[in-house]
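Notes follow once the structure below has been shown.
The values are calculated or read from the model by the stated rules, or taken from the named source; none is laboratory data. On a predicted model such as this, the values are computed, not experimentally measured, just so you know. All Cβ positions, even for glycine, are placed from backbone atoms using ideal geometry, and neighbour counts span all protein chains on display. These accessible areas exclude ligands, DNA and RNA; they are computed on the full protein's heavy atoms, side chains included. Shrake-Rupley method; radii C 1.70, N 1.55, O 1.52, S 1.80 Å.
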2 protein chains.
Amino acid sequence: MHSVWADDQQREPSVEQPDGTRRRATIHDVAKLAGVSRQTVSRAVNDKGEIDPATKERVLEAARLLDYRPSRFARGMVRKGTVTTGLVIPDLMNPFFPEVAAGVLEAAEQRGWQVVMWDSRIDEAREQDALDVLSHQADAIVGYFKSPDDVLARHLGGVPLVLLERGPQQTRFAAVGIDAAAGLAQGMAHLVGAGHRRIGMLDGVHGPGPRRGAFLQQARRYGLPVDESWITLCAEHSVAGGEAGMEQLLDARPDITAVFGFNDLIAVGAMRAARRRGRRVPEDLAVLGFDGLSLGELVEPALSTLHIDKRRLGRLAVEQVARLHSGAEPLRGAEAWVVPELVVRASA
Amino acid sequence: MHSVWADDQQREPSVEQPDGTRRRATIHDVAKLAGVSRQTVSRAVNDKGEIDPATKERVLEAARLLDYRPSRFARGMVRKGTVTTGLVIPDLMNPFFPEVAAGVLEAAEQRGWQVVMWDSRIDEAREQDALDVLSHQADAIVGYFKSPDDVLARHLGGVPLVLLERGPQQTRFAAVGIDAAAGLAQGMAHLVGAGHRRIGMLDGVHGPGPRRGAFLQQARRYGLPVDESWITLCAEHSVAGGEAGMEQLLDARPDITAVFGFNDLIAVGAMRAARRRGRRVPEDLAVLGFDGLSLGELVEPALSTLHIDKRRLGRLAVEQVARLHSGAEPLRGAEAWVVPELVVRASA
DNA sequence: TGGGGGCCCGTGAGCGTTCACGTGAACGTT
DNA sequence: AACGTTCACGTGAACGCTCACGGGCCCCCA
């Protein structure tokens, strides 16, 4: 069976107007061409009952001829219930975020919601552009944002927002967080248990955050000779960033025996840089990551890491949106946190 | 400065109706509360001119009180120009696709378009669900689809479609393809140039496609003792799939000296399986991938691969959409193809 | 022969905005 | 004193669709 659709859909506008310009066909155009009323056209395209099969076919033929497609706006006006949420991701190249996105998409699909996605590329200005646009087009927004609360509020225009990876004390918006403290408790226990006391950290670009805080807290707890000077900032959250950071850290603290990376990418970079400097991993230097990317299993040696369930993070965020949407109180505290789980492989 | 927004936005509906139920506030509610006309409210929220600063403030205050947000549907009705395209990705866990998506998002953002995303998870039914939904909500759709043209057309309802990675001879829709032939010409030349003649292939789940075709063509060209029996299908496009496939291929053809993987993930799996079997890579077995994922640089040995510019692929797809949208002829042939580039690293 | 009940189909209203006007007041100009 | 201008704001219409009706028509049974 040859379908007319596939051929006709390539040309865009379809109805000639008095002034010569072309315009998308409306339900009225179809009705006129088929010699019926708008309502009958509506019945045909939405295949509801109460229509003669013959006229239905005639109407559909007319619709095909005019390349008619119902306006989603007009439809949305009268049929309530299409929910769209915006999703703002900082960096699609970092394998962490696609997985979070997958969780969001999965949960959204289950609820019959749609997700319009935006890549802020770790740029604060683009992040605000995202808000400006999405606040007009979405019923709620979830995502990663660097901007402070008041800036967000200004660009939000009253649209509900769910922040990813911010603790309740860090924002007055609804949020879904990662329990860095619980994660580092496991991680540091493991490192210390293996005899390490001189432990460095490669922190992310944003500087002091929960992960660094938890790291220092654990260091104090075990009485390690570790303070801020054992921490190096990486210029970017990538393997290259980790390599550069590690070079720097090794210069500053040549005597470290273990290093904790802000995320797996950085940790992998750290391993590479260390080996280039002639240090064996894990014998001379243990490396612990954070995130649990699947690429950690692929590198040599396999990366020990604090694994977090990224899909769950995304699903939780959608859950939060649902609560805001229904007027319920958003989850606060432990329910809205995902706690990392130590995965011991070869690197530490 | 304390913003009212951030607090109020948490509760959802706002206007009490005669029957007791609650309803989202409309521009009319705000107008009534502020004691002005709809038009003045419109002027205030869109901050256009011709309004007294004092009344503007009064109106905005009323809007805040009612948690008023303009309906995107009503707006879309009267203000034309918001373009939304649907993006259907088969598997967000495969690092290849997020990068394509990044290209799509980038190009869409430049044009001021929005992208609603859908993860079909390599499921043909979900793929059609995606079409059913997106055909109602998007002005065009781009993505990966397994379904044949006529099925697609049936679920498309006339919405323009741009297929990713299908050659012009494989579909009557607009498409953006990968020049597998050109890629494999480089790849096989390299392998043969290194002395290999017994070359196997780990193909993807979908069976015979352009990559396999090009592989066999090159094998014939060089007169290699290679036919379909040197090809093993992998159950999934993942490292695990590649490992399993490689086991099988080594059983069937223990004498191969090189193998070409359908994609990098499979190729990495192949390397791992081969090494587990005691074969050194590349000395005993050369491995060549396809895709150019950045994780290829991270594994041991680093993966040689046919690199493709995935972002460009995404950008091209948006370009195609733009053409369809403007009524122009879509790109056909070479302009709509991205050609792989051989990147020689350690594995081959 | 009248009336009840399916079937098809059309009509008006309304969804929430914005746009193109129109209006009245205040002010300055000749 | 009459008139044009500017400013601040309001009024009807239109956007494209669906929903709740209402109205013919034909058939069947009393």
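In this structure, residue A:188 qualifies as over 26 Å from the mean Cα position of the chain (by Cα), within 21 Å of residue A:347 (Cα to Cα) and modelled with pLDDT of 95 or more. Right, residue A:51: modelled with pLDDT of 95 or more, within 12 Å of DNA strand D (Cβ to nearest atom) and out of contact with any His (no Cβ under 6 Å at 6 or more places or on another chain) or not? Answer is no for this residue. Of all residues in segment B:83-104, those that are open to solvent by less than 10 Å² (accessible area, probe 1.4 Å) and either touching a residue at least 12 places away in the same chain (Cβ under 8 Å) or of a type in the set (Phe, Trp, Tyr) (or both) total 13. Comparison of A:329, A:228, A:319 shows that the only residue that is acidic (Asp, Glu), closer than 30 Å to residue B:24 by Cβ and away from every other protein chain (no Cβ under 14 Å) is A:319.
For segment A:120-130, the set of residues classified as surrounded by fewer than 24 Cβ atoms within 10 Å (Cβ to Cβ) and not in a loop (DSSP other than H, G, I, E, B) consists of A:124, A:125, A:126, A:127, A:128, A:129, listed by residue number. Residue B:194 satisfies every condition listed in (1) touching a residue at least 40 places away in the same chain (Cβ under 8 Å); (2) open to solvent by less than 10 Å² (accessible area, probe 1.4 Å) except (2). Suppose the filter is within 14 Å of chain A (Cβ to nearest Cβ) and either among the polar types (S, T, N, Q) or surrounded by fewer than 23 Cβ atoms within 10 Å (Cβ to Cβ) (or both); does residue B:209 pass it? Taking the combined requirement at face value, the residue does not satisfy it. Within the option set A:79, A:75, A:64, A:111, being open to solvent by 30 Å² or more (accessible area, probe 1.4 Å), within 16 Å of DNA strand D (Cβ to nearest atom) and either in contact with a strand residue (DSSP E or B) (Cβ under 7 Å, 6 or more places away or on another chain) or touching a residue at least 60 places away in the same chain (Cβ under 8 Å) (or both) holds for one residue only, A:64. Among all positions in segment A:169-187, there is at least one residue which is within 14 Å of chain B (Cβ to nearest Cβ), part of a helix (DSSP H, G or I) and surrounded by fewer than 18 Cβ atoms within 10 Å (Cβ to Cβ). For segment A:65-77, a residue qualifies if it is more than 7 Å from every other protein chain (Cβ to nearest Cβ) and touching a Phe, Trp or Tyr at 6+ places or on another chain (Cβ under 9 Å), and exactly one does: A:75. The set of residues from segment B:134-161 being open to solvent by 30 Å² or more (accessible area, probe 1.4 Å), in a helix (DSSP H, G or I) and free of Cβ contacts under 8 Å to residues at least 24 places away in the same chain comprises B:136, B:150, B:154. Cβ separations smaller than 6 Å between residues 6+ apart or across chains give the following pairs from segment B:168-187 residues that are over 18 Å from residue B:321 (Cα atoms) to residues that are in a loop (DSSP other than H, G, I, E, B): B:179/B:339; B:182/B:339; B:183/B:340. For residue A:216, the stated conditions do not hold, so it cannot be described as aliphatic (A, V, I, L, M), touching a strand residue (DSSP E or B) at 6+ places or on another chain (Cβ under 7 Å) and surrounded by 18 or more Cβ atoms within 10 Å (Cβ to Cβ).
The single residue among B:247, B:228, B:236 that is under 19 Å from residue A:298 (Cα atoms) and over 22 Å from the mean Cα position of the chain (by Cα) turns out to be B:247. Criterion applied to B:133, B:116, B:100, B:88 was being within 16 Å of DNA strand D (Cβ to nearest atom) and aliphatic (A, V, I, L, M), and the one residue passing it is B:133. Quick one: in segment B:293-312, which of the residues that are under 11 Å from residue B:178 (Cβ atoms) and surrounded by 22 or more Cβ atoms within 10 Å (Cβ to Cβ) is farthest from the chain's Cα centre (by Cα)? Applying the filter and picking the extreme gives B:306. Restricting B:18, B:13 to residues that are within 16 Å of DNA strand C (Cβ to nearest atom), farther than 24 Å from residue A:140 by Cβ and modelled with pLDDT under 95 narrows the list to B:18. Scanning segment A:197-206 for residues that are buried (at least 22 other Cβ atoms within 10 Å of the Cβ) and over 26 Å from residue A:90 (Cα atoms) yields a total of 2.
Could we say that residue A:80 is under 19 Å from residue B:154 (Cα atoms) and within 14 Å of DNA strand C (Cβ to nearest atom) here? The answer is no for residue A:80. Being open to solvent by 50 Å² or more (accessible area, probe 1.4 Å) and either more than 10 Å from chain A (Cβ to nearest Cβ) or within 16 Å of DNA strand C (Cβ to nearest atom) (or both) is a description that applies to residue B:58. Of all residue pairs spaced 6 or more apart or on separate chains, none has beta-carbon atoms under 8 Å together with a first member in segment A:22-38 that is open to solvent by less than 40 Å² (accessible area, probe 1.4 Å) and a second member that is near DNA strand D (Cβ under 6 Å from one of its atoms) and of a type in the set (A, V, I, L, M).
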